[in-house]
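Everything on this sheet refers to the single structure shown next.
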Amino acid sequence: MKVKVSRKAHFNAAHRLYRPDWSFEKNDAVFGKCNNPRFHGHNYDLIVSVTGKIDPETGYVMDMKQLKDLIKAEVEDALDHKNLNVEVPEFKALNPTAENIAVVIFNKLRPHIDPSKELEIVLYETPRNFVTYSG
Ligand code: NI
């Protein structure tokens, strides 16, 4: 029997979507407003889910306080109020799309979660646009 437990978190960050090897016109055609050279921000909502067996001793799949602290240390401290392109090393050579941000968050958290448990990242870039990554 497996149970999925989830924790919601939030951060805001600035980004610009572009490829330096493309012309401004091509970047504009593909990324539109997100290619603004002066950057723009999003309020990201994050749902981190861990799926696994309930520990018979504690009754927990994972201690939510531990998950909360992990998200704070690995995600919020690294990304909140940051310019993703300029300040976050993972995006030096990686376009900070919602898809890539979700993968980066997954890779930051995965080593800290019990390998017997599944990890899933849902990242909302806007209230209507969200991406899901689970490895
Ligand atoms: Ni954007």
Inset, instruction - Could you check how many residues of region 84-135 are touching a helix residue (DSSP H, G or I) at 6+ places or on another chain (Cβ under 6 Å), part of a strand (DSSP E or B) and within 16 Å of the ligand (Cβ to nearest atom)? - result: 2
Legend entry - Which numbered condition residue 101 misses (of (1) under 12 Å from the mean Cα position of the chain (by Cα); (2) over 16 Å from residue 121 (Cα atoms)): (2)
Legend entry - Filter result (of a type in the set (Ser, Thr, Tyr) and either part of a loop (DSSP other than H, G, I, E, B) or on the phi > 0 side of the Ramachandran plot (or both)) within region 1-46: 18, 23
Legend entry - Evaluation of residue 70 against (1) more than 16 Å from the ligand (Cβ to nearest atom); (2) within 14 Å of residue 6 (Cα to Cα); (3) touching a strand residue (DSSP E or B) at 6+ places or on another chain (Cβ under 7 Å); (4) not polar (S, T, N, Q) (one fails), failing number: (3)
Legend entry - Residue in region 40-59 that is nearest to residue 9 (Cα to Cα), counting only those that are open to solvent by 60 Å² or more (accessible area, probe 1.4 Å) and in contact (Cβ under 8 Å) with a residue 24 or more places away in the chain: 45
Legend entry - Boolean, residue 16 is within 16 Å of the ligand (Cβ to nearest atom), touching a helix residue (DSSP H, G or I) at 6+ places or on another chain (Cβ under 7 Å) and either at pLDDT 95 or above or open to solvent by 40 Å² or more (accessible area, probe 1.4 Å) (or both): yes
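Matching residues to (1) over 20 Å from residue 123 (Cβ atoms); (2) among the acidic types (Asp, Glu):
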| residue | (1), (2) |
| --- | --- |
| 49 | no, no |
| 57 | yes, yes |
| 60 | yes, no |
| 87 | no, yes |
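The values are calculated or read from the model by the stated rules, or taken from the named source; none is laboratory data. Just so you know, these numbers come straight off a predicted model, no measurement behind them. Counting neighbours? That spans all protein chains shown, and the Cβs are built from the backbone with ideal geometry, glycine included. Areas reflect the complete protein model, heavy atoms only, side chains present, ligands, DNA and RNA absent. Shrake-Rupley method; radii C 1.70, N 1.55, O 1.52, S 1.80 Å.
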